[in-house]
Amino acid sequence: MRLVRTIAEVRAAVGGAGTIGLVPTMGAFHDGHRSLFRAARGECDLVVASLFVNPTQFESGRDLDAYPRDEAADARVAEAAGVDVVFAPPGAELYPDGFQTWVDVEQLAATLEGAHRPRHFRGVATICLKLFNIVRPQRAYFGQKDAQQVAVVRRMVRDLNVDVELRVLPTVRDHDGLALSSRNARLSREERERALALPRALATKNAARARELLADLDVDYVEVADLDPKVLAAAVRVGETRLIDNVVLEEER
Ligand code: AMP
């Protein structure tokens with residue numbers, strides 16, 4: 001496995017490869033990331049994982065600073081899961097001085113997560129398009145855990161005629177039902193107990209019932225979202241940690 005830091009290096013590393021699979025990530029790898037790596041490994045000749053804590057998708061500097069980072073551990077996980085190239089650029093490589101061009105998926109990015117994090121999906125769509133342009137993958141791998149992110153990226157790919165196939169893998173959960181997330185590490189034991197209300201509420205697949213079960217938590221939203229597929233999605237705050245999760249209500253059309 002190669003760890004590269006510049007756009008020139010990653011372009012050189014993928015040049016001449018057959019089918020390229022890209023897994024965009026922010027690091028702090030867990031089994032959710034592993035499942036994306038393995039799927040890409042099974043379907044592509046060359047697997048690239050990008051590891052970049054994208055500052056433009058964070059609303060606050062505090063949240064950005066608190067995001068877990070462990071590049072050495074991530075490199076080991078990626079290698080074991082069959083990743084060929086890890087692209088871990090410094091911020092200035094992707095956002096050099098003078099950067100001012102954004103991808104804005106207008107309506108979709110204004111609902112649910114976007115209503116609570118107004119610039120989040122602008123950052124997500126922009127970094128994804130940049131990574132697609134840099135790596136030129138035939139396939140890009142995303143988790144259903146971030147259902148609205150998938151919808152935003154899919155819309156962007158269609159609207160801007162990006163030649164990439166999106167592959168979406170099911171949400172990987174811990175033994176207690178909590179969806180794996182890099183943010184889970186921030187939960188105290190007591191907070192984690194309380195956070196379990198989230199998967200339990202969503203498992204009802206009923207928005208009204210889910211709201212009742214989440215009554216003791218600080219809820220940002222619990223809503224049926226007509227994405228593809230349709231989901232019951234929720235975001236809650238447990239202490240300082242904000243968690244999102246969703247369950248699929250209908251199979252993909
Ligand atoms: P992140 O590093 O959190 O930005 O996530 C990178 C990719 O992994 C995104 O496509 C996420 O949707 C996906 N992902 C994160 N957590 C999970 C999970 N528990 N199950 C499946 N995919 C996940």
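Throughout, read-outs are computed from the coordinates displayed, never taken from laboratory work. In this text the structure is predicted, and so the values were computed from the model without any measurement. Neighbour counts are summed over all protein chains in view; Cβ atoms, including those assigned to glycine, are modelled from backbone coordinates with ideal geometry.
Which chymotrypsin sites (Phe, Trp or Tyr not before Pro) from region 31-130 combine a DSSP loop assignment with at most 16 other Cβ atoms within 10 Å? The partial results should precede the final answer.
Values: sites: Phe37, Phe52, Phe58, Phe87, Phe99, Trp102, Phe121; in loops: Phe52, Phe58, Phe99, Trp102.
In loop regions of region 31-130 (DSSP not H, G, I, E or B), the sparsely surrounded chymotrypsin sites (Phe, Trp or Tyr not before Pro) are Phe99, Trp102.
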### Label-to-label distance, nm, for residues given as Arg237 and Asp45 (7 Å Cα→Cβ offset)
5.0 nm
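With an 8 Å cut-off on Cα pairs and a minimum separation of 6 or more residues, tell me the relative contact order of region 49-116 in percent. Intermediate results must be reported in sequence, preceding the final value.
Details: 24 pairs, mean separation 28.5, N = 68.
Once normalised by length, the contact order is 42 percent.
Just to confirm a number: summing +1 for Lys and Arg and -1 for Asp and Glu over residues other than Leu187 whose beta-carbon lies under 12 angstrom from that of Leu187, what do you get? Provide the component values of the computation, followed by the final result.
On the way: positive: Arg183, Arg186, Arg189, Arg192, Arg194, Arg237, Arg242; negative: Asp174, Asp176, Glu190, Glu191, Glu193, Glu240.
With Lys, Arg at +1 and Asp, Glu at -1, the neighbours total +1.
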### Task
Positive end of the charge dipole of the chain (Lys, Arg +1 and Asp, Glu -1 on Cβ, about the Cα centre): tell me which of Gln148, Val162, Leu64 has its Cα farthest that way.
Val162
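Give the percent of DSSP beta bridges with both residues in the chain that are antiparallel, rounded to the nearest 5. Present the calculation step by step, with values, prior to reporting the outcome.
Working: 16 of 35 bridges.
Once the DSSP bridges in the chain are tallied, antiparallel ones form about 45 percent.
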### Task
Name the residues whose placed amide hydrogens come within less than 5 Å of the amide hydrogen of Val103, ignoring near sequence neighbours (fewer than 5 apart) on the same chain.
Thr126
### Task
Measure off 7 Å from each Cα along the Cα-to-Cβ vector at Asn206 and Asp226, then give the distance between these two points in nanometres to one decimal.
2.3 nm
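Calculate, in nm to one decimal, what Arg173 and Ala92 gain on full extension: separation in residues at 0.36 nm each, minus their alpha carbon distance.
This chain segment gains 25.7 nm when fully extended.
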### Task
List every residue whose amide H lies under 5 Å from the amide H of Tyr221, counting only residues 5 or more places away in sequence or on a different chain, with H placed 1.01 Å from N in the peptide plane.
Ala235
## Note on the structure
Of region 211-237, those with amide N under 20 Å from the point 7 Å along the Cα→Cβ vector of Arg189 are none
### Task
Note the full-extension length gain between Ala115 and Glu79 as 0.36 nm times their separation in residues minus their Cα-Cα distance, in nm to one decimal.
9.2 nm
### Task
May I have the convex hull volume per residue, in Å³, for the Cα set of region 137-253?
115 Å³
### Query
If you plug each phi of region 42-48 into the Karplus form 6.51 cos²θ - 1.76 cosθ + 1.60 with θ = phi - 60°, what whole-Hz ³J(HN,Hα) values come out, in order, with x for Gly and Pro?
x, 10, 10, 7, 9, 10, 10
## Note on the structure
Computed over the Cα atoms of the chain, the Rg and Dmax in Å are 17.8, 55
### Exposure proxy order (Cβ contacts within 10 Å, fewest to most) of Thr6, Thr126, Thr25
Thr6, Thr126, Thr25
### Message
Give me, ordered by chain and number, the residues 5 or more places off Leu169 or on other chains with an amide H under 5 Å from its own placed amide H.
### Response
Phe142, Gly143, Gln144
### Message
Once each part is reduced to its C-alpha centroid, what is the distance from region 128-174 to region 182-240 in angstrom?
### Response
24 Å
### Query
Using a simple charge model, +1 on the beta-carbon of Lys and Arg, -1 on the beta-carbon of Asp and Glu, nothing else, what dipole does the chain show about its Cα centre, in debye to the nearest 20?
220 debye
### Task
Express the relative contact order of region 1-128 as a whole percentage, based on alpha carbon pairs under 8 Å and six or more residues apart in sequence.
32 percent
#### Entry: Mean Cα-pair separation over length for region 187-233, i.e. relative contact order, pairs under 8 Å, 6 or more apart, %
29 percent
### Message
Quick one: 3J(HN,Hα) in Hz for region 16-25, Karplus 6.51/-1.76/1.60 with θ = phi - 60°, rounded, Gly and Pro as x.
### Response
x, 6, x, 7, 9, x, 10, 10, x, 9
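Just to be sure I follow the definition: excluding the sites themselves, where is the longest run in the chain that has none of the GluC sites (Glu not before Pro) in a DSSP loop with at most 15 other Cβ atoms within 10 Å? Please list the in-between numbers first.
On the way: sites that count: Glu59, Glu106, Glu240, Glu250, Glu251, Glu252.
Excluding the exposed sites themselves, the longest stretch runs over 107-239.
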